[in-house]
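*Asks:* Before anything else, here's the structure in question.
The values are calculated or read from the model by the stated rules, or taken from the named source; none is laboratory data. The structure presented is a predicted model; accordingly, all values stated were derived computationally and were not measured. Here Cβ is always computed from backbone atoms with ideal geometry, including for glycine, and neighbour counts include all displayed protein chains. What goes into the accessible areas is simple: the full protein's heavy atoms, side chains included, and nothing from ligands, DNA or RNA. Shrake-Rupley method; radii C 1.70, N 1.55, O 1.52, S 1.80 Å.
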Amino acid sequence: MAKALVVVESPAKAKTINKYLGRDYKVVASMGHIRDLPKSKLGVDVDNDFEETYESLESRKKVIKELKEAAKDATDIYVATDPDREGEAIGWHLIQELKGKKRKFHRLTFNEITKKAVNEALDHPRAIDVKMVAAQRARRVLDRLVGYKISPLLWDKVRRGLSAGRVQSVALKLICDREREIGQFVPVEYWHLFARLAGPEPPEFEAKLHKKSGENIVPANEGESNAVLKALEGATWTVSSVATKERKRHPAPPFITSKLQQTARFPVKKTMMLAQQLYEGGIEIPGLTGGLITYMRTDSVRVAEEALVAVREHIGKTFGAEYLPEKPNVYKTKSDAQDAHEAIRPTSLEHDPETVRQYLTADQYSIYRLIWNRFVGSQMPPATFDETTVDVTAGEYVFRVKGTVPKFAGWMATYGATDETEQKEAPARPSATDNGDDDDAVSGVLPVLAEGDVLELKTLRPEQKFTQPPARFSEATLVKELEDNGIGRPSTYASIISVLQDREYAHKVEGRFKPSALGTMITELLTKSFDDIIDVEYTRSLEDDLDKIEQGTGDYARMLTGFYKKFKKDLTRAGKEMIDLKKGVEIGEACDKCAKPMLKRVGKFGPFIACSGYPECTNTREVEQQEPESESGEEEIEPCENCGKVMAVKRGRFGQFLACTGYPECKTTRKLIATKQGGLRAAKPDQILDEPCPRCQANLVIKQGRYGEFTACTKYPECKYVKHKTTGVKCPKDADKGGEVVERKSRRGKVFFGCSNYPDCDFVLWNRPFDEKCPKCDAPYLVEKITKKHGRQLLCNNETCDYSRAEERPESAA
């Protein structure tokens, strides 16, 4: 009897599902998409209802051959790709490749990879959803039209290798718009006044200035602040009101994809990779034959009835009856959400995070615990707090303080001792006028106070503040902005963020996106020529149109025709009107060397300023926005140490560097080194020492290398002596020639230890040696080993000796 063929996307998924099915089934993986539009041409007939031309992916030719071989004797083929638009389209392409006269195709969908879910899917197969496929095809054609029509225009006007994308360009515009807001922001000064007060009983507490004569007051400058301080001299401080009310904090719904991306402490791409691993079931855990979580690409907060029953039973047993609401908590899914799949949740409440922790990596455990806690907490009652607000009157001024005391843990009991910030998502977009402070001072515990109590003033503390500009986008806040504006889908956010960085349109500074000069320039060009394509509202409307196609209320050809009609006009206009940066654009500045106009141009490494007199005049300078920082973090560059002229940022084949503006008379250069915050700083100038080289007697010099400072001979490359940090241990192979074991670094920057007479002596160690004989076997030295389990140990390096002892780690190494 011929086996039925089941086709999934990944080998891990195939391996898991294969465990559930009997001998009558063969499970194989397609490795994702097997067909796509051709790379060499548009592949879309814009004059014939946007008919596509698909071809097999070169990288999948071998896979397709194996799939056809596996399908040769199969009469039934089950397409079990992911249960979303992309998975539906992959299934459709698989059918096009594998179809035959005697073969029947069935579509299997399941929200979780468990035996029960897979068997239920086999009992209720369906046909490919052509509406879902049409929506995915329309998205692919839209992206192809924008990418393949605009990108060549940028090649012609700017330089080859640039790209534009329908969603990518909008995301870049959001980053550029935020950077412009930050640049235009003017901070406004304001002051807070805090009074430290003592009541009849401890503890002391601080209250903040709130009102004057019944009106809110925030001193605008030091003068106004001092006026308040003067008016409060000799005032009597009296409690004028004490109000206590119960405040509730409700649990958040279980995760959808975008909220998981915003909450997890990983880049979006890594979050999705980890979630995929937890979903596919490739992790070997005793007693578990499937995945740990349900499908991780979803817009819905809906939860299956059986999962609600299971989680409520778990809550009752684990936390007690008071933590179980009378009815399950129900959350409303957004109107524009694709509700085909449940929220992200554990597939079984039997495998809690701590039980399976030993089988997971630290990162997998972190994501799984996050999903587990969020799901369990979503079906628990609100956390309640007693919030007390105290107003203190001093003359015509009122100071206010709030104290919050936990009353009932509710859903927060789920998190236990773990960090409660796991429950928090990315903050809403900050307002440029918001001072970032609460209206009132907040104290955890207040003393018992009653109206009419007279308080003792301990100190009055003024505090100068300034309004803050909106923050740059992190990956989490960019995802939130895209989601809030209905741009793209959560499944595409990781690739969007990757493209922006890979194309060098934006880079991260302290974990937040800053547009490069190239990214800013591309955004400006696209905004002028394609106002619709790069408009947030228009992009949102296209997403709505794609949803309508999936729902059967929209038409593939009609939607694309409406889009292309205006897009074609914009392309024609842009071809004539877009600024030609290959020729250069005058910036209204004369060359300081030949007085000819300076031009803004774009080269291989981005925009730069160049003299129009080239090649006779080669005066250029960078316009890259990522300026180097000094050691103190301030944006300043020391002058050339040889001639005193200004050092300017240049770019060569190995990246940016500093060069003297006195070139070619002065050829001094200096490296730029990446800082921990993601910026650049100027390397220190070479420092020549009085110490002679032991090999050639020339002076030694402290230089800045790829892995930090090092000391070498000034006569390099004639003399290649490098001074290494000694360990004080004589080389066991070369001690008679003065060899010492010194600290060295590999090409990858990893520290190891070798003989100072290298290359004549090849002795090496990976562990740091110590000048102490082994008390057990008399070996000439011990080595240091540091592990999480045992901490710092000193061991004998002799393989036949098992001597070891625990040691406290030196403070300098901690």
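*Asks:* At a Förster radius of 30 Å, what calculated FRET efficiency corresponds to the Cβ-Cβ distance of Thr572 and Arg160, to the nearest 0.05? Intermediate results must be reported in sequence, preceding the final value.
*Replies:* Numbers: r = 22 Å, r/R0 = 0.72.
Once the sixth-power term is evaluated, E becomes 0.90.
*Asks:* Determine the gain in length on full extension of the stretch Glu55-Lys407; use 0.36 nm per residue of separation and subtract their C-alpha separation, reporting nm with one decimal.
*Replies:* Details: separation 352, 0.36 × 352 = 126.72 nm, distance 6.33 nm.
Here the segment from Glu55 to Lys407 would lengthen by 120.4 nm.
*Asks:* In 5 Å bins starting at 0, how do the alpha-carbon pair distances of the range 1-136 split up by percent?
*Replies:* The calculated distribution, bin by bin, is 2, 10, 19, 23, 20, 13, 7, 3, 2, 0.
*Asks:* I'd like to check one number: the per residue accessible area of the chain, probe 1.4 Å, reported in Å² as a whole number.
*Replies:* Working: 42780 Å² over 814 residues.
Dividing the accessible area of the chain by its residue count gives 53 Å².
*Asks:* Expressed as a rounded percentage, what relative contact order does the chain have, with Cα pairs under 8 Å and six or more residues apart?
*Replies:* Numbers: 1479 pairs, mean separation 85.7, N = 814.
Reported relative contact order: 11 percent.
*Asks:* Which FRET efficiency, nearest 0.05, do Glu246 and Ala471 yield, Cβ-Cβ r, R0 35 Å?
*Replies:* Working: r = 33 Å, r/R0 = 0.95.
Between Glu246 and Ala471 the formula returns 0.55.
*Asks:* Provide Rg and Dmax in Å for the range 134-256, with only Cα atoms included in the calculation.
*Replies:* For the range 134-256, the Cα radius of gyration and maximum Cα-Cα distance read 28.7, 78 Å.
*Asks:* Please figure out what share of the DSSP beta bridges in the chain is antiparallel and state it in percent, rounded to the nearest 5.
*Replies:* For the chain, the DSSP antiparallel bridge percentage is about 85.
*Asks:* In whole percent, and with a 1.4 Å probe on the protein chains, what portion of the accessible area of the chain is carbon and sulfur?
*Replies:* For the chain, the apolar C and S fraction of the accessible surface comes to 49 percent.
*Asks:* While we're on this one: Students sometimes get this wrong: rank Ile702, Ile579 by accessible area, probe 1.4 Å, all chains present, largest first.
*Replies:* On the way: Ile702 45, Ile579 65 Å².
Output order, biggest surface exposure first: Ile579, Ile702.
*Asks:* Estimate the FRET efficiency between Arg621 and Asp143 by the formula 1/(1 + (r/R0)^6), using the beta-carbon distance for r and 56 Å for R0, to the nearest 0.05.
*Replies:* FRET efficiency, Arg621 to Asp143: 0.95.
*Asks:* Is any residue of the range 62-83 close enough, with backbone N under 19 Å, to a label point placed 7 angstrom from the Cα of Lys99 along the Cα-Cβ axis, and if so, which?
*Replies:* Within reach of a label on Lys99, which here means backbone N under 19 Å from a point 7 Å along Cα→Cβ, the range 62-83 contributes 64-65, 67-69, 71-81.
*Asks:* Can you tell me, using C-alpha contacts under 8 Å and at least 6 residues apart, the relative contact order of the range 285-388 as a whole percent?
*Replies:* Reported relative contact order: 40 percent.
*Asks:* Going from the alpha-carbon gyration tensor of the range 199-283, what semi-axes, largest first and in whole Å, does one get by taking the root of 5 times each eigenvalue?
*Replies:* 52, 20, 13
*Asks:* What are the trypsin sites (Lys or Arg not before Pro) within the range 42-117 that DSSP puts in a loop, where the Cβ has at most 13 other Cβ atoms within 10 Å?
*Replies:* Lys72, Lys99, Lys101, Lys102
*Asks:* Give me the distance in nm between label points sitting 7 Å out from Cα along the Cα-to-Cβ direction at Lys230 and Thr459, one decimal.
*Replies:* According to this spin-label approximation, the distance is 2.4 nm.
*Asks:* What do you get for GluC sites (Glu not before Pro) in the range 221-324 restricted to DSSP loop and a cutoff of at most 16 other Cβ within 10 Å of the site's Cβ?
*Replies:* Loop-located and lightly packed - Glu233, Glu284.
*Asks:* Show me the GluC sites (Glu not before Pro) within the range 474-522 that DSSP assigns to loop and that have at most 16 other Cβ atoms within 10 Å of their Cβ.
*Replies:* Glu504, Glu510
*Asks:* Can I ask one more? On alpha-carbon atoms, Rg over Rh for the chain using Kirkwood Rh?
*Replies:* Radius of gyration relative to Kirkwood radius: 1.02.
*Asks:* What Rg and what Dmax come out for the range 256-311 when only alpha-carbon atoms are used, in angstroms?
*Replies:* Over the range 256-311's Cα set, Rg and Dmax evaluate to 12.7, 34 Å.
*Asks:* Ok, one more. How far apart, in nm, are the 7 Å Cα→Cβ label points at Phe710 and Thr561?
*Replies:* 6.8 nm
*Asks:* Need the full-extension length gain, Asp592 to Gln697, defined as separation in residues times 0.36 nm minus the C-alpha distance. One decimal, nm.
*Replies:* Gain on extension, Asp592 to Gln697, equals 33.4 nm.
*Asks:* Within the set Lys41/Lys61; Lys259/Lys407; Lys245/Lys407; Lys131/Lys259; Lys566/Lys604; Lys115/Lys317, which residue pairs have Cα atoms separated by over 22 Å?
*Replies:* Working: Lys41/Lys61 20 Å; Lys259/Lys407 28 Å; Lys245/Lys407 11 Å; Lys131/Lys259 27 Å; Lys566/Lys604 32 Å; Lys115/Lys317 26 Å.
The pairs that break the limit, which is 22 Å between Cα atoms, are Lys259/Lys407; Lys131/Lys259; Lys566/Lys604; Lys115/Lys317.
*Asks:* Expected output is a single nm value to one decimal: the length gained when fully extending between Thr800 and Glu306, i.e. 0.36 nm times separation in residues minus the C-alpha distance. What is it?
*Replies:* 171.9 nm
*Asks:* Continuing with this model, one more query. I'd like to know how the range 40-86 sits against the 2.2 N^0.38 Å rule of thumb: what's its Cα Rg over that expected value?
*Replies:* Computed over Cα atoms of the range 40-86, the ratio equals 1.59.
*Asks:* Still on this model: Hey, what D do you get for the range 278-382 in µm²/s if you plug the Kirkwood alpha-carbon radius into Stokes-Einstein at 4 °C and 1.567 mPa s?
*Replies:* 89 µm²/s
*Asks:* What is the local net charge at Glu305, summed over the other residues whose Cβ is closer than 12 Å to its Cβ (Lys, Arg +1; Asp, Glu -1)?
*Replies:* Here the charged neighbours net out to 0.
*Asks:* If you don't mind, another one. At 7 Å along the Cα-to-beta-carbon direction for both Asp363 and Thr787, put a label point, then send me their distance in nm to one decimal.
*Replies:* 2.4 nm
*Asks:* Please work out the C-alpha center-to-center distance from the range 474-505 to the range 263-302 and express it in whole Å.
*Replies:* The distance from the Cα centre of the range 474-505 to that of the range 263-302 comes to 20 Å.
*Asks:* Taking amide hydrogens as modeled 1.01 Å from N in the peptide plane, which residues meet the under 5 Å criterion relative to Val27, leaving out close sequence neighbours?
*Replies:* Val6
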